[in-house]
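The values are calculated or read from the model by the stated rules, or taken from the named source; none is laboratory data. From a predicted model like this one, the values you see are computed outputs, not experimental measurements. Neighbour counts run over all protein chains shown; Cβ positions are idealised from the backbone, glycine included. Note: accessible area is taken over every heavy atom of the protein model, side chains too, but ligands, DNA and RNA are not part of it. Shrake-Rupley method; radii C 1.70, N 1.55, O 1.52, S 1.80 Å.
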Amino acid sequence: MAKSHDVRRYPGFMAITILCLVILYAPLLVVAVYSFNASPSITIWEGVSLRWYVDVFTGPESAKFREAAWNSFIIAITAATTATAIATLAATAVLRSGRFRLRTFSLGLISLPLMVPEIVTAVATLIFFNAIAIERGLLTILLAHIAFCIPFAYMPISARMQGIEASYEQAAMDLYATKRQAFTRILMPLMMPGIVSGFLLAFIISLDDFIITNFVKGAGVETLPTAIFGAVKQGIKPNIMAISTLLLLVSIVLVALSWLIGRRDQARGR
Amino acid sequence: MPQDRDIAIDVRDAVKRYGTFTALKRISLSIRDNEFFTLLGPSGCGKTTLLRMIAGFEEVTEGTIYLYGQEIDRLPPHKRPVNTVFQNYALFPHMDVLENVGFGLEMLGKSRAEARARAGDVLEMVQLSQFASRMPYQLSGGQQQRVALARALAPRPRVLLLDEPLSALDLKLRKAMQVELKHLQRETGITFIFVTHDQEEALTMSDRIAVMSEGELQQLGEAREIYERPRNVFVADFIGDTNLMEVTVDRIAGGRAQCHLGGGHKLTCDAVEGIGAGARVHMSLRPERLFLSARPVEEESLSGTVREMIYIGTDITTVVDLADGPQFTVRSSNSTRGNARVFEPGAKVAVNMEPGAARLLVD
């Protein structure tokens with residue numbers, strides 16, 4: 001019985017799976033492979049070389065990229081940290097203060113930005129900054145990033161928290177811990193895997209955001225994605241592929257890290 | 001107001017309402033110092049709610065709770081000198097056994113060294129010293145149970161609350177833990193308030209039992225009193241096995257009530273306050289207080305036919321149909337010493353009762 005319903009036995013299952021994987025990963029693979037191309041052309045293969053990686057760090061555009069990467073990094077760290085802190089407090093409020101009247105509403109409010117088209121958020125954020133007359137620059141990028149990172153940080157944190165029974169905190173308070181001690185000594189450590197996942201997710205989302213950043217950044221202020229976009233407008237060079245590959249590597253490392261933390265936690269049978 | 005040093009917990013007119021639902025309907029009871037007290041009842045009877053109100057996890061809607069004369073019902077949980085053993089143990093998964101047990105002491109402001117020393121002592125008391133550095137997930141259910149117990153005992157609470165702590169254990173382990181809990185209570189001299197739905201467990205361990213149902217206190221008394229002199233139908237039915245018979249009271253004379261069952265069978269038992277002549281009430285007859293004989297041995301023996309004989313090892317249960325009347329279950333010990341005989345289905349028998357076996361109940 002169970003076997004006949006096994007999705008793997010459906011006709012064409014394998015073919016469709018392979019097709020999807022190819023569509024998903026072939027472009028990434030091509031970019032990664034051609035970043036090691038010795039040729040200045042992006043289509044003709046001339047042998048293996050690291051020249052474009054060297055170019056990224058020492059070439060004529062290296063100063064621009066270095067500054068953009070630094071901006072991106074600072075913004076991603078700050079935005080992810082702030083968003084994670086806010087998301088942690090929000091999850092605690094929504095899941096631990098019993099049933100309050102606007103609970104479902106709050107939940108919707110937090111996750112709605114995930115469904116709003118990014119261009120709408122971008123335009124709205126720009127209009128907002130204009131309305132309150134903040135000069136566009138690093139600060140506006142940072143504020144916008146904090147705002148849109150919150151729902152991404154919130155998801156894994158709230159998922160994690162739902163799995164933590166309220167009896168742990170009750171046991172702590174029963175054992176003479178104040179509410180604050182129950183939070184810092186019991187709830188926070190138990191939530192840590194969710195918090196770390198939330199932080200990493202927010203970090204990646206912030207690091208590679210283009211649309212919103214492009215709207216709210218000031219003239220002359222670039223993050224890595226906007227700098228790459230600016231460079232591509234003058235023609236795609238292999239150094240762009242090298243940067244993209246490096247960025248991909250960072251993403252893979254962070255996602256793997258987040259997955260490993262989750263798995264180690266599961267292995268402990270929590 | 002109760003200031004008595006002999007009363008550990010005094011619950012006065014406690015009411016708990018959740019919206020329109022009333023979980024506890026005005027309960028008053030006193031739990032004595034150094035007593036093993038059990039709240040017994042089926043799920044949803046309000047026993048856990050009452051325990052959580054004493055611990056501080058539920059607010060009282062109305063009423064007052066005193067702990068050794070001090071009003072505690074408005075205090076947050078961490079200011080009440082009571083500790084709880086949770087049903088699911090709620091051991092902190094990120095701390096080892098010693099840290100778990102020492103947590104309460106540390107929160108009370110004891111030094112780390114002092115907390116660890118005391119935690120070690122308590123672990124020894126529950127025979128878990130060799131597991132001090134294990135993490136909770138590395139322990140069996142029974143060991144986790146002991147750690148939870150040690151953790152709650154370590155800060156030397158005035159009262160220990162136990163919320164169905166044995167329900168997750170298998171039968172053999174549960175029996176062993178029942179004995180151990182009783183020992184621990186004697187040893188530490190701490191008042192234990194134990195919540196369970198298992199009547200046998202309650203009878204085994206408790207000094208006194210409060211039987212609850214639907215948010216109300218049905219009866220409070222010692223195990224023997226609850227079992228042998230149940231006050232109403234609920235208590236008689238919930239505690240142990242019994243034959244519940246509908247009877248009509250014919251006459252009350254000299255503290256005795258003469259009654260008859262369906263089919264005209266006559267029975268006499270002790271009169272109970274509140275039940276007069278003409279009343280149609282229930283009567284409880286414990287199966288082990290009845291015995292069978294081939295011929296009536298007394299005037300009020302009930303005659304019937306054996307329907308079924310069930311062998312259950314320690315005992316033999318015989319089901320008897322009374323002529324034109326109700327069915328009786330009779331239990332006799334499976335022993336050759338007694339004079340109880342075994343009757344096969346179809347045999348004509350007389351059902352006899354020991355003095356005091358029949359008890360009238362209010363509904």
Residue list for the range B:205-226, restricted to those being more than 8 Å from the chain's Cα centre (by Cα), more than 20 Å from B:ASP33 (Cβ to Cβ) and buried (at least 17 other Cβ atoms within 10 Å of the Cβ): B:MET212, B:SER213, B:GLY215, B:LEU217, B:GLN218, B:GLN219, B:ILE226
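Looking only at the range B:202-214, decide whether some residue is under 29 Å from B:GLY46 (Cβ atoms), assigned by TED's automatic domain parsing to the domain that holds B:PRO42, in a helix (DSSP H, G or I) and without any contact (Cβ under 8 Å) to a residue 40 or more places away in the chain.
Scanning the range B:202-214 turns up at least one residue that is under 29 Å from B:GLY46 (Cβ atoms), assigned by TED's automatic domain parsing to the domain that holds B:PRO42, in a helix (DSSP H, G or I) and without any contact (Cβ under 8 Å) to a residue 40 or more places away in the chain.
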Look through B:ALA113, B:ALA119 and report the one residue that is open to solvent by 10 Å² or more (accessible area, probe 1.4 Å), over 30 Å from B:VAL11 (Cβ atoms) and more than 9 Å from chain A (Cβ to nearest Cβ). B:ALA113
Do we have any residue at all in the range A:165-183 that's of a type in the set (Val, Ile, Thr), touching a His at 6+ places or on another chain (Cβ under 7 Å) and open to solvent by less than 60 Å² (accessible area, probe 1.4 Å)? yes
Pairing a residue in the range A:14-38 that is on the phi < 0 side of the Ramachandran plot with any residue that is open to solvent by 80 Å² or more (accessible area, probe 1.4 Å) and in a helix (DSSP H, G or I), where Cβ atoms lie under 7 Å and the two sit 6 or more apart in sequence or on different chains, gives A:ALA38/A:ARG51
So which residues in the range B:126-137 are more than 14 Å from every other protein chain (Cβ to nearest Cβ) and buried (at least 17 other Cβ atoms within 10 Å of the Cβ)? B:VAL126, B:LEU128, B:PHE131, B:ALA132
Looking only at the range B:227-269, count how many residues are within 15 Å of the chain's Cα centre (by Cα), of a type in the set (Ser, Thr, Tyr) and farther than 15 Å from B:GLY356 by Cβ. 0
Residues being within 14 Å of chain A (Cβ to nearest Cβ), under 23 Å from B:ASP6 (Cα atoms) and surrounded by fewer than 17 Cβ atoms within 10 Å (Cβ to Cβ): count how many of those fall in the range B:46-78. 1
Criterion: modelled with pLDDT of 95 or more, touching a strand residue (DSSP E or B) at 6+ places or on another chain (Cβ under 9 Å) and polar (S, T, N, Q) - qualifying residue of B:THR22, B:THR38: B:THR38
What residue, of A:ALA202, A:ALA219, A:ALA231, is away from chain B (no Cβ under 14 Å) and open to solvent by 10 Å² or more (accessible area, probe 1.4 Å)? A:ALA219
In this structure, is B:PRO81 in contact with a Leu (Cβ under 9 Å, 6 or more places away or on another chain) and surrounded by fewer than 22 Cβ atoms within 10 Å (Cβ to Cβ)? yes
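Residue by residue, here is whether (1) in contact with a Ser or Thr (Cβ under 9 Å, 6 or more places away or on another chain); (2) loosely packed, with under 14 Cβ neighbours inside 10 Å; (3) within 17 Å of A:LEU224 (Cβ to Cβ) holds:
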{"site": "A:PRO40", "(1), (2), (3)": "no, yes, no"}
{"site": "A:TYR53", "(1), (2), (3)": "yes, no, yes"}
{"site": "A:PHE57", "(1), (2), (3)": "no, yes, yes"}
{"site": "A:ALA63", "(1), (2), (3)": "no, yes, yes"}
Would you call B:LYS25 in contact (Cβ under 8 Å) with a residue 24 or more places away in the chain and open to solvent by 30 Å² or more (accessible area, probe 1.4 Å)? yes
Only one of A:ALA172, A:ALA79 is within 14 Å of another protein chain (Cβ to nearest Cβ) and part of a helix (DSSP H, G or I). Can you tell me which? A:ALA172
For a quick check of your reading: which strands (runs of 3 or more DSSP E) sit entirely within the range B:246-291 and have at least 2 residues that are modelled with pLDDT of 90 or more and out of contact with any Gly (no Cβ under 8 Å at 6 or more places or on another chain)? B:256-260, B:280-285
When you scan the range A:147-168, do you find a residue that is of a type in the set (Val, Ile, Thr) and part of a helix (DSSP H, G or I), even just one? yes
